[in-house]
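Okay, so here's the structure we're looking at.
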Amino acid sequence: MKIAAYLFLFSCLFTLSGCFEIVEQIFLKADGSGDFQLVLNLSKSKTRLNSIMKMKTINGHDVPSKEDIKYRISEIEKTVTKTPGISNVKTSVDFDNFIISISCNFKNVARLNDAVKNIYTKENAAAKAPEKIYEYNAGVFERLNKYSFKDEYKKLSNADREIFATANYTAVFKFESPVSAASNKETKIAPSKKAVMLKLNALDVINEKRSIENKINLTN
C-alpha cells in the first residue's frame, strides 16, 4: 500500500512507525539549477522499529527486510539517475537511526519535476502522474500540491491512521537571492532572508486542513 509516490521513501516503511518526519530541501540558484534532498527520519521510533523488523507482519502488512528496503531505494536511485538533467544522485539508508535519504543536483526545475514524475509513474503505473510540483519563473518559486491523500487515508484501518498523528512534513527552501514574500502564512523566513521553512503536521496536510503549497517571491 502506498499513499503517494512523491513520498517514495516513506512508502517503504510507513506501516512500521508512528513517529516520523519527512524533510524536503531545495537549494535554488538564480539560474534555476540547484540541489534537492528528501529525508525520511524515523529516528524517534528506532527502538520500536528494531523490534518490528524482527516480525513478519504488522497491522496486516508484510514487514520488509533490510534487503528489501535497500533494493527499493536502489531502484529509485536508478530511476532518478536516468532522468536527463539530473546528476550526482545519492541515496543512503541508516538502519542504526532509521534515516533514509535521496539527493541530487538538477539542471533546472523542469528536470526535477521529470524525476518526481518518473518515480510516480514507476510506483503507480495505472495512475496519471502530475506534470509538475515545482515552478520557477521570473524570480518566483512555487511549491505546488498535485497530490490528494484524503481519500486513500480514509481507506486505512484505524491502526494505520494512528501512524500519522505525530508525523511531520518539513520543507526547507534556500536561495541565492533574498526572499521578499511567501504566500503560505505558516512559512518562517530566516533572518538572512535567503531561506524559508514550513513545518506541518502530516495529518493536517492529509485532511487538507493545511497546505504545503507556497509561492515564494525573490528579490532580483
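Structural remarks
- A residue that is among the acidic types (Asp, Glu), surrounded by 12 or more Cβ atoms within 10 Å (Cβ to Cβ) and in contact with a strand residue (DSSP E or B) (Cβ under 7 Å, 6 or more places away or on another chain) occurs somewhere in region 74-84.
- Any hit, region 128-140, residues being under 25 Å from Asn41 (Cβ atoms) and at pLDDT 85 or above: yes
- Positions within region 171-197 being assigned to a loop (DSSP other than H, G, I, E, B), without any contact (Cβ under 8 Å) to a residue 60 or more places away in the chain and small (Gly, Ala, Ser), in sequence order: Ser183, Ala190, Ser192
- Looking across region 198-219, just one residue is farther than 20 Å from Cys19 by Cβ, part of a strand (DSSP E or B) and either touching a Lys or Arg at 6+ places or on another chain (Cβ under 7 Å) or without any contact (Cβ under 8 Å) to a residue 40 or more places away in the chain (or both), and that is Asn214.
- The listed residues are Asn118, Asn145, Asn108, Asn113, and the only one of them that is in contact with an Asp or Glu (Cβ under 6 Å, 6 or more places away or on another chain) and either more than 26 Å from Glu213 (Cβ to Cβ) or surrounded by 14 or more Cβ atoms within 10 Å (Cβ to Cβ) (or both) turns out to be Asn145.
- Selection status of Thr166, touching a Cys at 6+ places or on another chain (Cβ under 7 Å) and crowded, with 16+ Cβ neighbours inside 10 Å: yes
- Set Ile58, Ile76: member being at pLDDT below 95 and closer than 19 Å to Glu162 by Cα: Ile58
- Filter pass, Asn184 being within 19 Å of the chain's Cα centre (by Cα) and at pLDDT 95 or above: yes
- Condition met for Ala165 (within 16 Å of Val205 (Cβ to Cβ) and touching a residue at least 40 places away in the same chain (Cβ under 8 Å)): yes
- The residue that is surrounded by the fewest Cβ atoms within 10 Å (Cβ to Cβ), among those in region 44-65 that are part of a loop (DSSP other than H, G, I, E, B) and in contact (Cβ under 8 Å) with a residue 60 or more places away in the chain, is Gly60.
The values are calculated or read from the model by the stated rules, or taken from the named source; none is laboratory data. Treat the numbers as computed from the prediction; the structure is a model and nothing was measured. Note: ideal-geometry Cβ built from the backbone for every residue, glycine included; neighbour counts use all protein chains shown.
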